[in-house]
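Each reported figure results from applying straightforward, stated rules to the coordinates on display, with no laboratory input. Remember, predicted model here, so these are calculated numbers, not experimental data. Please note: Cβ atoms are built from the backbone with ideal geometry, for glycine as well, and neighbour counts cover all protein chains shown.
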Amino acid sequence: MADSIFSDVTGELSLKTIDAGLILHLVAIVVVAYLLTTLLSYILSRFSERAGVYRQLVTLFIPLLKIFIYTVALYLFITALIEPSVTQLIAFAGLFGAVVGIGLKDLFSDLAGGIVIILEKPFQIGDKVTMGNYYGEVKDIRLRSTRIQTPADELVSVPNNTIFTQSVNSGNAGDIAMMIVIDLFIDSMSDAAHAAKILKEALVTSKYVIISEQYPYTILIEDFPCYTRVRAKGYVYDLRLEFEFKSEVTRRALAEFKRSDIKLPLCYPGLDGLIS
Amino acid sequence: MGEESNVIGYEREIEAISRAIEQFDPSNPRHVAIIGEPMAGKTTVAGEIMRRYGDCIHSVTLGGVMTQDAMPAFSSIQKDCILVDNCEFFATRQIGGFKFLDDFLKCQFYSTKLFITAWNSYAWRYLSAVRNIGTYYPLVVTLPAMDSSTLKQVILSNYPQREIRFVENPPSEPASICTMVQRQARLPFSGREVSIPWFHLNTNAIRSRLQVGRKTVVSPEDAVFEKIRRVARGNPGVAMQIFSGCLEDNVVSFEKIPEDECELSLDITESFVLTLIVSMKSLQYHDLSAIAGGGEVLDRALFSLRRQGLILEDDGVYRISPARLNCIGNYLKKTRRVW
């Protein structure tokens, strides 16, 4: 039995004659796979924009389709070049994995990360994530890297193996709505309750807010030695409007603070205050 | 069995309100909220309640966004019940915009009178989420969407003296499922715009083909009212507007009823302004300006909404175009502008 398997593995691989036709065939496989993934990604992305609240659900299929198409393309590519038996294919895959894995450890670590992201879904296309040192919206999940659009509109490719080495934080976990925290600081001598009422009304009347049992809001007051922090927590109905939401609520609340004679602190909170 | 109702379609709702009035206990008034879409018939229901119990009900109808001067003095009303129509005008979506609503709710909390209130459903859902107003009303009566036969009765009751004819249109060629259209695309690198052939799927044609198997023979009259029901989503006020719009020389034809083609793409300000208008019966320009921020941005949004036929303007007062209410409601829900 063992001899039979060994002889099967060591049996000659029937390499096909490489001619212009075969090269064209291989190129066609690569090109078709690339075009197919690009086209399907484009169609699904466009469709997701029209899907309203189901936007994230549609984009979920993009990386799955990509991995499926590339796997099929790889199989077609190998079988077009050689005609291996099943045992040879398995042995080849193992050897290929070991040899290339040692040489291209990081690349394969990224690929493994890509597969984990696709299967385990710690985040998906459209989510707002903090990955490594970068925060932004996930625009694409590729096999080697994840593309994130930062608030500064930069497109950053973060290697997928980041998920093995650093924590990844998803702000919305697949939902299109996302919780936003808005902090305003007032002088300790000002009326904090009135400030909280103003911030609450600025939040609930915002044109970006969504409020329901699933998306509640909270207003919190916390006193610090030099200032009082008034914090609003509420959901923006579309995570792409995160900064517009924050800005609109802050702008309107500050204008009302001024009208109501609520003073801003003389000593402005530092980083510690913001983090706490 | 209660008194015979003059209002078609809302008999059960009127009976529920009548029971609340008849069982009224000043020590524990069970306030009533009547909820309905714009043009669903809240005022008609309120009118029927007044017709039945006019001698013990004081009626107040709010005509616009509440101001300090216009705030009714509820405590000085002598009658046992107070009916307030268009209650959505008590609140506006701005900082400080809940003051009159809070006063009104407080007044009900301490009152020994029965309050019967009518609310726009969009405003009700918003205020329930942000002010929890549902807790003040033990009895909430929601006006349901009507079926086509009820709509038919409601509509035809407005034309008692006229014999309306419903004509069957000649069978037309079935529409293609897929048509070729030309779309503009920008070429990469050169930035040049070119026209490329593109496939357009006709969803209406697909839907009608799918229904072929279960098609039954219906009279032109029933087909007309079924289509009106579908376009108006069972809203009687909208249905009546659509019907009167396609009535010509006492003849209504199926084809004349406009399909509610709903392909909206609005920016944030347009959506917000539309949400404000649909949540109120109508809004004056200066109220919109106070809530949404005036100036060029608001003017542009109002112009765009009017151009798309979503709102109507009459002497500075903006209201929803009845025939587009269904489309607007669906769009705002889909994009989570209303909850």
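Can you classify the protein assembly as shown as rounded, prolate or oblate using the Cα gyration tensor, where a ≥ b ≥ c are the square roots of its eigenvalues, rounded means a/c under 1.5, and otherwise it's prolate if a/b beats b/c and oblate if not?
oblate
Please name which of B:M146, B:I133, B:W119 has its Cα lying farthest along the dipole of the stretch B:77-160 towards the positive end, using unit charges on Cβ (Lys, Arg +1; Asp, Glu -1) and the Cα centre as origin.
Value computed over the given set: B:I133.
Under 21 Å Cα to Cα from A:K139, which lysines show up? Leave out anything in the same chain fewer than 8 places away.
Straight-line reach from A:K139, under 21 Å: A:K66, A:K121, A:K128.
Can you find, among A:L36, A:L199, A:Y134, the residue sitting farthest towards the positive end of the charge dipole of chain A, where Lys and Arg contribute +1 and Asp and Glu -1 at Cβ?
In chain A, that residue is A:L199.
Lone cysteines in chain B, defined as no other cysteine's Cβ under 4.7 Å from theirs: which are they?
B:C56, B:C81, B:C87, B:C107, B:C178, B:C246
Relative to the Cα centre, what is the charge dipole magnitude of the protein assembly as shown, using +1 at the beta carbon of each Lys and Arg, -1 at the beta carbon of each Asp and Glu, and rounding to the nearest 20 debye? Before the final figure, lay out the partial values.
On the way: 63 positive and 68 negative charges, 51 e Å.
With Lys and Arg at +1 and Asp and Glu at -1, about 240 debye.
Just name one of B:S157, B:S279, A:P63: the one whose Cα is farthest towards the positive end of the charge dipole of the protein assembly as shown (beta-carbon charges, Lys/Arg +1, Asp/Glu -1).
After comparing all options, I get A:P63.
Using Cα atoms only, what is the angle between the long axis of helix B:42-53 and the major principal axis of chain B, expressed in degrees (0 to 90) to the nearest 10?
Roughly 30 degrees between the two axes.
What is the antiparallel percent of DSSP beta bridges lying wholly in the protein assembly as shown, to the nearest 5?
70
Near A:K207, which lysines are there with a Cα under 17 Å away, not counting those fewer than 8 places off in the same chain?
A:K233, A:K246, B:K333, B:K334
What do you get for the angle between helix B:121-131 and the principal long axis of chain B? Use alpha-carbon atoms, 0 to 90 degrees, nearest ten.
Compared with the principal axis, the helix lies near 60 degrees.
Where a ≥ b ≥ c are the square roots of the eigenvalues of the C-alpha gyration tensor, would you call chain A rounded, which needs a/c under 1.5, or, failing that, prolate if a/b is larger than b/c, or oblate?
prolate
Using the alpha-carbon atoms, what tilt in degrees (0 to 90, nearest 10) does helix B:11-22 show relative to the longest principal axis of chain B?
Between helix and principal axis, roughly 20 degrees.
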